[in-house]
Amino acid sequence: MRVKQSSRGCCWWFLVVVTLALVYDAIVYTVHKKTEKSEGAAPIPGPPGAIEKKYVDALKIAMQFFDIQKSGELGHSKRFSWRGDSALTDGSQAKLDLSKGMYDAGDLMKFGFPMAFTATILSWAILEYGDQMAVVNQLDPAQDSLKWITDYLINAHPEENVLYVQVGDPEIDHGCWERPEVMSENRPLTQINKSSPGTEVAAETAAALASASLVFKSDFRYSSTLLSHAKELFTFADKYRGSYSETIPEVATYYKSTGYGDELLWAASWLYHATGDKSYLQYVTGKNGEVFAQWGSPAWFSWDNKLAGTQVLLSRLTFFGNKDTTNLGLQNYRKTAEAVMCSLIPDSPMATESRTDSGLIWVSEWNALQHPVASAFLASLYSDYMLSSGTAKLSCNGYSYKPSDLRTFAKSQADYVLGNNPMKMSFLVGYGENYPQYVHHRGASIPADAKTGCKDGWTWLERKEPNPNVATGALVGGPFLNETFVDDRNNSMQAEPTTYNSAVIVGLLSGPMGVRRSVKSEKPSVVSHLRIMMGQIFVSGQASPSLHPL
Ligand SMILES: *[C@@H]1O[C@H](CO)[C@@H](O)[C@H](O)[C@H]1NC(C)=O
Ligand SMILES: *[C@@H]1O[C@H](CO)[C@@H](O)[C@H](O)[C@H]1NC(C)=O
Ligand SMILES: *[C@@H]1O[C@H](CO)[C@@H](O)[C@H](O)[C@H]1NC(C)=O
């Protein structure tokens, strides 16, 4: 199914369309021509049962990785025989319970910045697609995993201007190869505070807690707690500005942040959705928007850069509620979101060149799949916003595209990940016939009854046999630009999964399951939770007191 970029020319896009149409044979697909204007309502790419099943199966698998990454006392959350309680005393030196939360990747570090991003994305996926998750019994596990992180984040914020952003010392941790259950090394804590602030990590944590406050709306006390921490953390982030990578240089080895302006806007956008408080909207559309939003410049969405996510989230307002066309800030976010979408559609005149020969978005050698999956998640959301709001076309430099074009793109990335690629390999562990057997993951690589610890455990990394335990749901780093993959346990560049990768793929796989239809057929039961809230908040023009108890 390779479509060589070198064949790009008069009929390159046509080949792509035909190829995709053959591959996704279950989709009712109309070959579209580039036209200056598009007529009528967008066709609804209603996926019949056969094609949905694939994504449902993959979603059920992807969701399980969170159970593998859980730290703390598992209790009813114990789902894998080879996983047990671990890190029970994390936080004890500060008299805090930081035992929960999730390990970052194949190691046993708890890094607050990417962990909070995982929670924000999981919240977003639940808010948009929770009804669809519920149909296939995935809403409870999604909420359970989200709460496993938000319980931790609440405890990591014991005082107004103090947030613990890391548990474990990466030097010590990376000097060991052991199961989390036997870990006995020192687990130092790292905090941000007024003298050593960390705006991006405080703001991302605010975004996580604000979005989760919407997810857990029906649990009044928990939701209120989440929201009050979110507000306080946002104020801390905004008032004491500084990048944690600069104030605490050690953290920069692993999750170096390239700036905090994007997290401030992202957090304020989530707080606006959670509260309806106009001051948060003014924050993102006013001066801070001008300084930080980089309007007009599309960027990749990742754990480090939240701008594209912010643009898509704020586009919600112009799609569904706020028809106030005089709000130039909101228009600018929407225009930039459109530019992101235009760059993703492969035959758009604004299409990014950052793709492999067979069409996978490819931006970085390390953890290559994070960008295509996150981009596809956004494209899937945007296509749903277009469909649900009756927006028939997206204009890219004079050419127009339909919601189905974005959805086709999103599916192409999901399908690549699930095995439709030159390697014929599924990068989602446990899905399909052929998935990585040498995932760089300590727990998966060591038998549960092994007696090894920190140092003697390295033999498990080095051995030639496949992992004894399947890291079900792990989304590994993925292929090189030349579409090769080396399934080697020590190849952390390609064979290591991350928890935030799982959040974006859960979001992506929840979307194209196709419960949602056009506005006309949209019934309350299939409308996303966020949409319901948005409608009540913004269509009526004011926050409903029952939705905003604080
Ligand atoms: C503030 O955070 C920095 C960096 O983590 C730490 O070195 C310092 O001890 C903290 N200040 C207080 C008063 O705890
Ligand atoms: C593919 O790319 C990787 C990384 O750049 C390189 O090491 C490898 O040799 C390449 N393989 C082929 C078959 O070109
Ligand atoms: C694993 O990779 C690291 C660097 O990435 C290297 O230092 C180490 O020697 C490798 N170990 C084995 C067993 O190949």
Scanning the range 394-414 residue by residue, the ones that are buried (at least 23 other Cβ atoms within 10 Å of the Cβ) and part of a helix (DSSP H, G or I) total 11
Which number in (1) assigned to a loop (DSSP other than H, G, I, E, B); (2) of a type outside the set (Lys, Arg); (3) within 16 Å of ligand 3 (Cβ to nearest atom) marks the one condition that GLU483 misses?
(3)
Could you tell me which of the residues THR275, THR253, THR318 is more than 27 Å from SER364 (Cα to Cα), in contact (Cβ under 8 Å) with a residue 60 or more places away in the chain and either of a type in the set (D, E, K, R) or surrounded by fewer than 24 Cβ atoms within 10 Å (Cβ to Cβ) (or both)?
THR275
Neighbours by Cβ (under 8 Å, 6+ apart or cross-chain): first from the range 158-179, over 17 Å from GLU462 (Cα atoms); second part of a strand (DSSP E or B) and hydrophobic (A, V, I, L, M, F, W, C):
VAL162/ILE192; LEU163/ILE192; TYR164/LEU189; VAL165/PHE111; VAL165/ILE192; GLN166/PHE111; GLN166/LEU189; VAL167/LEU189
If only one of LYS335, LYS323, LYS306 is at pLDDT below 95 and among the basic types (Lys, Arg), which one is it?
LYS323
Against the conditions (1) buried (at least 21 other Cβ atoms within 10 Å of the Cβ); (2) touching a residue at least 24 places away in the same chain (Cβ under 8 Å), where does ARG355 fall short? Just the number, please.
(1)
Count - residues of the range 149-172 that are out of contact with any Phe, Trp or Tyr (no Cβ under 7 Å at 6 or more places or on another chain) and assigned to a helix (DSSP H, G or I)
9
When residues of the range 232-266 are filtered for being within 16 Å of ligand 1 (Cβ to nearest atom) and assigned to a helix (DSSP H, G or I), how many remain?
15
From the set of residues in the range 206-221 that are part of a helix (DSSP H, G or I) and polar (S, T, N, Q), which is surrounded by the fewest Cβ atoms within 10 Å (Cβ to Cβ)?
SER213
Inside the range 326-366, can you point out the residues that are within 13 Å of THR310 (Cα to Cα) and either of a type in the set (Gly, Ala, Ser) or within 16 Å of ligand 1 (Cβ to nearest atom) (or both)?
GLY329, ALA337
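Suppose the filter is in a helix (DSSP H, G or I) and either closer than 30 Å to ALA444 by Cα or touching a Ser or Thr at 6+ places or on another chain (Cβ under 6 Å) (or both); does GLU178 pass it?
So GLU178 does not fit the description; no.
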Of (1) buried (at least 24 other Cβ atoms within 10 Å of the Cβ); (2) in contact (Cβ under 8 Å) with a residue 40 or more places away in the chain, PHE234 satisfies all except one. Which?
(2)
Taking only pairs six or more apart or across chains, which ones have beta-carbon atoms under 9 Å, a first residue in the range 460-472 that is in the same structural domain as CYS176 (by TED's automatic domain parsing), and a second residue that is within 16 Å of ligand 2 (Cβ to nearest atom) and part of a loop (DSSP other than H, G, I, E, B)?
LEU461/ASN490; GLU462/ASN490; PRO466/ASP487
Give ALA410, ALA495 a once-over and let me know the one that is in the same structural domain as THR118 (by TED's automatic domain parsing) and more than 16 Å from ligand 2 (Cβ to nearest atom).
ALA410
Qualifying helices (runs of 4 or more DSSP H) (wholly inside the range 267-385; at least 2 residues being under 22 Å from the mean Cα position of the chain (by Cα) and of a type in the set (Asp, Glu)):
none
Can you pull out the residues in the range 466-492 that are away from ligand 2 (no atom under 16 Å from the Cβ) and of a type in the set (Val, Ile, Thr)?
VAL470, THR472
Out of all the residues in the range 122-137, is one or more buried (at least 21 other Cβ atoms within 10 Å of the Cβ) and in a loop (DSSP other than H, G, I, E, B)?
no
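The values are calculated or read from the model by the stated rules, or taken from the named source; none is laboratory data. Keep in mind that what you see is a predicted model, and the values were worked out from it rather than measured. Positions of Cβ are generated from backbone atoms using ideal geometry, with glycine treated the same way; all protein chains shown enter the neighbour counts.
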